[in-house]
1. Hey, can you tell me all the residues within the range 41-57 that are of a type in the set (Asp, Glu), part of a loop (DSSP other than H, G, I, E, B) and either modelled with pLDDT of 85 or more or more than 14 Å from the chain's Cα centre (by Cα) (or both)?
2. Those residues that are assigned to a loop (DSSP other than H, G, I, E, B) and more than 9 Å from the chain's Cα centre (by Cα), I need them from the range 25-40; list them, please.
Amino acid sequence: MAQITLYLDDATQALVDEAAKANGVSKSRWVADIIRTYAAHDWPQDCLALAGRFTDFPLKQGAPCTQPADVPRLIY
């Protein structure tokens, strides 16, 4: 099993301590779970369950893919 060293300020360390305790897991386990959650490349199941549920969604097959100019795009 790999080990990493994290340098955290006192406030962030306190957040990790509190969150791990509240979830009943070790700090290592809590951090690993957060990494798995936020570094995953898969969509959450509750989000995937919505696929196809909106019949009037503008991006269905054959519809033009447009976005108003005043709406900022999110780039990941």
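The values are calculated or read from the model by the stated rules, or taken from the named source; none is laboratory data. What you are looking at is a predicted structure, and each value in this text was computed from that prediction instead of being measured.
1. Scanning the range 41-57 gives a single hit, Asp56.
2. Val25, Ser26
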